[in-house]
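Remarks on the structure that follows.
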Amino acid sequence: MPTVAIVGRPNVGKSALFNRLAGRKIAIVHDQPGVTRDRIAAPSKATQVPCTLIDTGGIGGGIEDGFDEQVTIEADIAMQTADLILFVVDAHAGLTATDQALAQKLRKAKPPVLLVINKVDDDKHERSYSDFTRLGLGNSVFVSAEHGRNFGVLCDEIDAVISPLVSENEAEAVVAEEIGIKLAIVGKPNAGKSSLVNAILKDERTIVSDIAGTTRDAVDLPYTFEGEKFTLIDTAGLRPRAKRDNSVEVFSAMRTEKAVRRADLCVLVIDLAAGITAMDRKVAQLIMEEKKPCLIVLNKFDLFHPGANRSARLEEATTHVRNELFFLHYAPFVACSAKTGGSVDHVLREALKIKKGAQNIPGTGQLNRILQGAFEATPPPIDNKLRKRLKLYYATAAVEEKYSVIPVPTIVLFVNDKRLMAQSYESYIVNKYRAAHPAPGIPVILSVRSRSRKEWEPRQKPQGH
């Protein structure tokens, strides 16, 4: 599939243009320069010819947080891999020295360059065109990414360049191609999420820094491992609400929470060298509340008691995780080092095991035998207030469509009175179910509903029949 890279200096409207072409809000749009730092990829919804859009960090402009050089490298990689470059400039600001320096660089680029003069909200802004002709890039188009002005012309220009690169059959195959298992890489800031993604991809696709909060957007990155397709979603680290010091932090947190909800599997990255913190528990609680499959990655394992032997270190790490994240007891974990690459492949292998184990949902008959056996082995206690005991009539498993890749079933229990279900007995039932039907990484969701016995008892046949 052809790739279209969107480049330009900070705050010219690249992310707004990217979002409009993608047909949904993916990149964060903000008037604070330097918000987008990584390359963000998404399929285009606006063009006739399928293509992949790449939004890049703003080049130049002297961003004061020390990322300017890394952002320039990111844009260079995007330009080297793109089939078309959209060079975005700001009609309001006019031609700047950074624009001229970028144009000089782009004139040497291998792919064709289309100059996109953004923020042309009305005809009077088109007068700035004469300034931009000095860039010597040839073809150009006026647009307003915010209001959609002249967007049809832009899409026609993009299609004209990339259509020869894709045949009709290839385009249909691209549209139908599945995105595979969506893995949301989540955790607190500076836990090593982007380093883990880079180690898995064996490519510096995301910016890695010791400064917490480097990743601002949720970045979707396709990858194939052992014949299985994945989409890795690298997310911003979640901070406590009180420490989200500006609107960009708030937007990033919202994007991370959304990534958790749309993921097939959440990969919770823990900085094992620092130990599990209150923020780690909050992220874990978010995963649990969303009832998502989960895999815990114990990153920086090489720094965890490096003097001891591996088995002793692993045993101590296991105890630490199970004590601190006891409510995520269903989640298996992988100990690795994103920095050295040690055991990183085990992350995707474990994800495949979780997917495979999730497919074997017990049938109705098997499920009822498991649960009836649990009730017979340890009957529920008599409720002192209601003066009766919980009785199970029937059980079934329901799977929501949104969990089709890694199904998460809801076990529906029809009982005499759902008020009789004590929390301790619910835990007992879940444990019995897991023992009979292990599915590591998959939460067990119980839905208890009251029914009268006569709804489930078979009707007696009249005498003589």
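The values are calculated or read from the model by the stated rules, or taken from the named source; none is laboratory data. Predicted model only: the values in this text are computed from it and were never measured. We place every Cβ from the backbone using ideal geometry, glycine too, and count neighbours over all the protein chains shown. Protein only, heavy atoms only, side chains kept; ligands, DNA and RNA dropped before computing areas. Shrake-Rupley method; radii C 1.70, N 1.55, O 1.52, S 1.80 Å.
Below are the figures for this structure:
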read-out: FRET efficiency, F326 to K25 (Cβ-Cβ, R0 41 Å, nearest 0.05); value: 0.65
read-out: Sequence-separation-based contact order of the range 357-446, relative, with Cα cut under 8 Å and 6+ spacing, percent; value: 34
read-out: Restraint check, K193/K355; K193/K282; K182/K355; K14/K45, Cα-Cα greater than 19 Å; value: K193/K355
read-out: Added length on full extension, which subtracts the Cα-Cα distance from 0.36 nm per residue, I382 to S427; value: 14.5 nm
read-out: Simple label model, 7 Å out from Cα along Cβ direction - A273 to E315, nm; value: 2.5
read-out: Distance between modelled label sites at A398 and A93, nm, 7 Å Cα→Cβ extension; value: 5.3
read-out: Virtual spin-label span in nm between S163 and E290, 7 Å along Cα→Cβ; value: 4.0
read-out: Where M288, M421 fall by accessible area, highest first, once all protein chains stay in place (1.4 Å); value: M288, M421
read-out: Within straight-line cross-link reach of K432, lysines at Cα separation under 18 Å, skipping those fewer than 8 residues along the same chain; value: K391
